[in-house]
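Working notes, beginning with the structure itself.
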Amino acid sequence: MEIELLDQILEALLFVSGDGINTSEIEELLELQPSEVKQSIARLKKKYSGKCGIHLLHYNGKIQFGSNPDYEDTIACVLNPIKEKELSNAALETVAIIAYKQPVTRLEIEQIRGVNCDYAVQVLLKHNLIEVVGRKDVVGKPLLFGTTDAFLKRFRIESIEQLPDYEQLLASIKVLEEGNSRAPEAVSLYNEFELPPEENEASNEAAAAADELPEEETPDFLRDETDLQKIE
């Protein structure tokens, strides 16, 4: 493969992937020699270095595009508020999945949500709402995540065994959100959510209907029995 073409293909792969790509997989799938890929990586590292906003990272047999660390503060100043706002709902969905499915891997969370959850997991780790509790005994040994004491405290739950059903959990989050809106200094990860009210009309109507049911009559052949017990 021509040198220029190979460099351009690697650039495109790195841009589209976003994550690290194993160089051995590139060699195998593109039928390239290790020396060809190595030389191309060297050229790209030279191109993406210095004051360039994008740097080529080479680690553990993988390559990946990353931002220039010299601009870290400026990038964080612009992107962090945007990402926090955009991913608030994603963080809520992710922590709910972890709470009910724990211990659970990142891949299992993504299979349930249907989207990548890397950033949501990082936000939850940063706020100490989840933690790594081990590794799953499968190929690759992926990390297992679970909720923390801070999660229980946030939702006023004494233990995971007392975890309410999903609708009750959302209601608890809404209460916390309303409390935070009255106390601006108590900023919560969830204070931007506008959660729909809990829909209990059907259950309330069913309960009311049950109260109006007439008491069941005792059959004629049992009316002379004196030691009958009523079963609720």
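The H on the amide N of H55, modeled in the peptide plane, is under 5 Å from the matching H of G66, S67, N68, each at least 5 residues off or on a different chain. If the limit is 29 Å between Cα atoms, which of K101/K126; K62/K136; K101/K141; K47/K141 go over it? The pairs that break the limit, which is 29 Å between Cα atoms, are K47/K141. Modelled spin labels at V139 and E2, positioned 7 Å past Cα toward Cβ, are 3.8 nm from each other. Computed from backbone phi, the HN-Hα couplings of segment 91-105 come to 5, 5, 4, 5, 5, 5, 4, 4, 4, 8, 10, 4, x, 9, 8 Hz, rounded to whole numbers (Karplus: 6.51 cos²θ - 1.76 cosθ + 1.60, θ = phi - 60°; Gly and Pro given as x). Modelled spin labels at S17 and L125, positioned 7 Å past Cα toward Cβ, are 2.0 nm from each other.
With the crude spin-label approximation of a point 7 Å out along Cα→Cβ, what separation in nm comes out for Q102 versus I9? Label at Q102, label at I9, 4.6 nm between them. Computed with a 1.4 Å probe over protein heavy atoms only, the accessible surface of segment 1-134 comes to 63 Å² per residue. Taking 0.36 nm per residue of sequence separation and removing the Cα-Cα distance, the V132/H58 pair yields an extension gain of 24.0 nm.
Among 37-43, 67-73, 95-101, the peptide with the highest mean count of other Cβ atoms within 10 Å heads the list, and the full ranking is 95-101, 37-43, 67-73.
Does a label point 7 Å from the Cα of I160, set along Cα-to-beta-carbon, have any residues of segment 128-146 with amide nitrogen under 13 Å, and which are they? So the set is 130-135, 144-146. In order along segment 37-46, the phi-based Karplus estimate (6.51 cos²θ - 1.76 cosθ + 1.60, θ = phi - 60°) of 3J(HN,Hα) comes to 5, 4, 5, 5, 4, 4, 5, 5, 5, 5 Hz; Gly and Pro are listed as x. Taking 0.36 nm per residue of sequence separation and removing the Cα-Cα distance, the L29/A76 pair yields an extension gain of 13.3 nm.
A protection proxy built from the mean count of other Cβ atoms within 10 Å ranks the segments 20-26, 44-50, most packed first, as 20-26, 44-50. For V133, the amide hydrogen comes within under 5 Å of the amide hydrogens of L144, F145, G146, counting only partners 5 or more places away or on other chains and with H modelled in the peptide plane.
The values are calculated or read from the model by the stated rules, or taken from the named source; none is laboratory data. Only a predicted model underlies this, so the values are computations on that prediction, with no experimental measurement involved. Note that we place each Cβ from the backbone using ideal geometry, even for glycine, and neighbour counts take in every protein chain shown. Just so you know, the surface numbers come from the protein's heavy atoms only, side chains and all, with ligands and any DNA or RNA stripped out. Shrake-Rupley method; radii C 1.70, N 1.55, O 1.52, S 1.80 Å.
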